[in-house]
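Visitor: A single structure is presented below for examination.
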Amino acid sequence: MKEIRMQSKDRAVSFRLIEESGEFIVFDMSLSGPARDRTSYSGTSFEAAWKAVEAIIGVTAIPDEFKPYASTL
């Protein structure tokens, strides 16, 4: 599993890749609600996962370790 945590002001997100299944998971780490409601995306589309990240922390650059997966952006 690869994971990176990103923060913008008072919002934080965990962006994970489960390499074996090609699944991206976006988890809102901000304390804005119950933990069970904080998964913003879970699936195999990098583009959809990155949109979920930016919905939480705003527009941000894709980290180098995830750029190989961003071929559609």
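Visitor: Report whether or not Ser45 is polar (S, T, N, Q) and open to solvent by less than 30 Å² (accessible area, probe 1.4 Å). It would help to see each step written out before you state the result.
Guide: Working: polar (S, T, N, Q): yes; open to solvent by less than 30 Å² (accessible area, probe 1.4 Å): no.
In short, no.
Visitor: Something else now. Hey, any hits in the stretch 10-30 for a residue that's open to solvent by less than 40 Å² (accessible area, probe 1.4 Å), touching a Leu at 6+ places or on another chain (Cβ under 6 Å), among the aromatic types (Phe, Trp, Tyr) and assigned to a strand (DSSP E or B)?
Guide: Within the stretch 10-30 (the criterion being open to solvent by less than 40 Å² (accessible area, probe 1.4 Å), touching a Leu at 6+ places or on another chain (Cβ under 6 Å), among the aromatic types (Phe, Trp, Tyr) and assigned to a strand (DSSP E or B)), the answer is yes, since at least one residue qualifies.
Visitor: Still on this structure, I have one more. With respect to Ala49, determine if the residue is out of contact with any Phe, Trp or Tyr (no Cβ under 8 Å at 6 or more places or on another chain), on the phi < 0 side of the Ramachandran plot and not acidic (Asp, Glu). Show your work before the answer.
Guide: Values: out of contact with any Phe, Trp or Tyr (no Cβ under 8 Å at 6 or more places or on another chain): no; on the phi < 0 side of the Ramachandran plot: yes; not acidic (Asp, Glu): yes.
No, not satisfied.
Visitor: In addition: Would you call Met1 of a type in the set (A, V, I, L, M), touching a strand residue (DSSP E or B) at 6+ places or on another chain (Cβ under 9 Å) and surrounded by fewer than 16 Cβ atoms within 10 Å (Cβ to Cβ)?
Guide: Working: of a type in the set (A, V, I, L, M): yes; touching a strand residue (DSSP E or B) at 6+ places or on another chain (Cβ under 9 Å): yes; surrounded by fewer than 16 Cβ atoms within 10 Å (Cβ to Cβ): yes.
Spelling it out, Met1 is indeed of a type in the set (A, V, I, L, M), touching a strand residue (DSSP E or B) at 6+ places or on another chain (Cβ under 9 Å) and surrounded by fewer than 16 Cβ atoms within 10 Å (Cβ to Cβ).
Visitor: Suppose we keep only residues that are aromatic (Phe, Trp, Tyr) and part of a helix (DSSP H, G or I) within the stretch 37-73. Which one would you say is nearest to Ser14 (Cα to Cα)?
Guide: Of the residues in the stretch 37-73, the ones aromatic (Phe, Trp, Tyr) are 41, 46, 50, 66, 69.
Checking which are part of a helix (DSSP H, G or I) leaves us with 46, 50, 66, 69.
Details: Phe46: 14, Trp50: 11, Phe66: 13, Tyr69: 16 Å.
Here the answer is Trp50.
Visitor: Considering each residue of the stretch 9-68, count those that are over 10 Å from the mean Cα position of the chain (by Cα) and among the aromatic types (Phe, Trp, Tyr), and give that number.
Guide: Matching residues across the stretch 9-68 total 1.
Visitor: Would you confirm, using the coordinates I've provided, whether Asp64 is of a type outside the set (Lys, Arg), open to solvent by 60 Å² or more (accessible area, probe 1.4 Å) and modelled with pLDDT under 90?
Guide: Details: of a type outside the set (Lys, Arg): yes; open to solvent by 60 Å² or more (accessible area, probe 1.4 Å): yes; modelled with pLDDT under 90: no.
The answer is no for Asp64.
Visitor: Criterion first (surrounded by 15 or more Cβ atoms within 10 Å (Cβ to Cβ) and at pLDDT below 90) does Tyr69 satisfy it?
Guide: Numbers: surrounded by 15 or more Cβ atoms within 10 Å (Cβ to Cβ): yes; at pLDDT below 90: yes.
So Tyr69 passes the test.
The values are calculated or read from the model by the stated rules, or taken from the named source; none is laboratory data. Bear in mind the structure is a predicted one, so any value in this text is a computation, not a measurement. Note that each Cβ is placed from the backbone with ideal geometry, even for glycine, and that neighbours are counted across all protein chains shown. Heads up: the accessible areas ignore ligands, DNA and RNA and are worked out on the full protein's heavy atoms, side chains in. Shrake-Rupley method; radii C 1.70, N 1.55, O 1.52, S 1.80 Å.
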